[in-house]
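The values are calculated or read from the model by the stated rules, or taken from the named source; none is laboratory data. This is a predicted model, so every value here is computed, not measured. All Cβ positions, glycine included, derive from the backbone under ideal geometry; neighbour counts span all protein chains shown.
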Amino acid sequence: MSVITIERKILEKNDRIAEKNRQFFKEHGVFVLNFVSSPGAGKTSILEKTFQELSATLNIAVIEGDVQTDLDSQRVASYGVPVVQIITMGACHLEANLIRDAVQKLNLDGIDTLFIENVGNLVCPSNYDLGEAFKVVVVSTTEGDDKPLKYPGMFRNSSVLIINKIDLVPYVHCDLKLLKENALQINPALKIFEISCFTGAGIPEWCSWLSKREFPRL
Amino acid sequence: MHELAIAQNILEIVQQSVTEEQEPDVKWVRIRVGQLSGVVPDSLDFCFSAIVSETRMQQAGLAIEQVPTVSRCRDCGHQFQIEDMVFVCPSCKSANLEMISGKELEILEIELEDKRDNAL
């Protein structure tokens, strides 16, 4: 047997492109958030509420990632927000090269904030740096309070947790206090917002924090 | 199922690291997978076997070293293995932790079968 020593990161190619993306965003003064969650947690609804609240404050653009259809980008475009749709054709996550290519299709003039909506999946997107400032993980109360414990990687790699659908707490088996405890056990530095896109509860707090740019250090 | 994408990344790095003549001799690809990496070793192994079967490296297998999540407390210096995903120092209860290991997703080395050995 002869041995060839390699010692390289398996995802080094993605990490290299992500770093270039990050540099590009920095040069263009664009602040980038990567939204991750399981399917149906309410990422697109949160974006819609955020556009409504901050249309006068921030200049937002969006990259939508979905396995199929451009339904989400149609929703985003109806707010007059510049949007590019990535259809992954089955792939379970976005990769940095997809973001690099999608950004070329966006006119970033005057844009100060870019939301990337990742494919709904709490496992795979956690490995892939896209060049974002940080990840925002969304969990909805209908998913139960044990999600952070089941998907620790994602909660560990995110800086912000948005708990959506708090209006449904009386009807579902979800202990909000326990959900937060579980999340903080995985990542004590998580900044947590509790919101309902249906009633609008908590949206002002999230938007006010977002527009103040008092962001956690990575 | 991003294990397939990761298996493709591994294959790419191996192909960059050996010559075309060496490809059929690749026996083992040693990799390190952290407990927090979100990668399922069995699934990765399966995906890798599936994609190498289409190449000249049909006999190549993955030798996967799994790495536990280890942390060091920045407040009291205690080093410990994270159990049950509780990211709190068991000694002083601080959450100010430095991650020592657990996020690894690395390719370490490639083992080639010696042609001369085969001939003997």
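Among the residues of the stretch B:82-105, write down those that are more than 22 Å from A:Met154 (Cβ to Cβ), within 12 Å of chain A (Cβ to nearest Cβ) and of a type outside the set (A, V, I, L, M, F, W, C).
So the first thing to find is which residues in the stretch B:82-105 are more than 22 Å from A:Met154 (Cβ to Cβ), and the list is B:89-94.
Adding the requirement that they be within 12 Å of chain A (Cβ to nearest Cβ) leaves B:89, B:93-94.
Scanning the stretch B:82-105 gives B:Lys93, B:Ser94.
Among the residues of the stretch B:91-120, what is the count of those that are modelled with pLDDT of 95 or more, farther than 30 Å from B:Val18 by Cβ and within 18 Å of the chain's Cα centre (by Cα)?
Within the stretch B:91-120, residues that are modelled with pLDDT of 95 or more, farther than 30 Å from B:Val18 by Cβ and within 18 Å of the chain's Cα centre (by Cα) number 1.
With respect to A:Leu210, determine if the residue is in a helix (DSSP H, G or I), touching a residue at least 40 places away in the same chain (Cβ under 8 Å) and aliphatic (A, V, I, L, M). Before you say what the answer is, go through the steps one by one.
Values: in a helix (DSSP H, G or I): yes; touching a residue at least 40 places away in the same chain (Cβ under 8 Å): yes; aliphatic (A, V, I, L, M): yes.
Answer is yes for this residue.
Could you identify the single residue in B:Ile64, B:Ile13 that is part of a helix (DSSP H, G or I) and either at pLDDT 95 or above or within 13 Å of chain A (Cβ to nearest Cβ) (or both)?
On the way: B:Ile64 fails: part of a helix (DSSP H, G or I).
On inspection, the qualifying residue turns out to be B:Ile13.
Give me a count of the residues in the stretch A:120-141 that are more than 11 Å from chain B (Cβ to nearest Cβ), in contact (Cβ under 8 Å) with a residue 60 or more places away in the chain and of a type outside the set (Gly, Ala, Ser). Give the derivation first.
Residues of the stretch A:120-141 more than 11 Å from chain B (Cβ to nearest Cβ): A:120, A:129-141.
Filter once more, keeping what is in contact (Cβ under 8 Å) with a residue 60 or more places away in the chain: A:120, A:129-140.
This time we only want the ones that are of a type outside the set (Gly, Ala, Ser), so: A:129-130, A:132, A:134-139.
The qualifying residues number 9.
Is it the case that B:Gly34 is more than 9 Å from chain A (Cβ to nearest Cβ) and in contact (Cβ under 8 Å) with a residue 60 or more places away in the chain? Even if it seems obvious, please write down each step before you answer.
Details: more than 9 Å from chain A (Cβ to nearest Cβ): yes; in contact (Cβ under 8 Å) with a residue 60 or more places away in the chain: yes.
Spelling it out, B:Gly34 is indeed more than 9 Å from chain A (Cβ to nearest Cβ) and in contact (Cβ under 8 Å) with a residue 60 or more places away in the chain.
Looking at the structure I just gave you, is A:Gly42 more than 14 Å from every other protein chain (Cβ to nearest Cβ) and small (Gly, Ala, Ser)?
Numbers: more than 14 Å from every other protein chain (Cβ to nearest Cβ): yes; small (Gly, Ala, Ser): yes.
It is true that A:Gly42 is more than 14 Å from every other protein chain (Cβ to nearest Cβ) and small (Gly, Ala, Ser).
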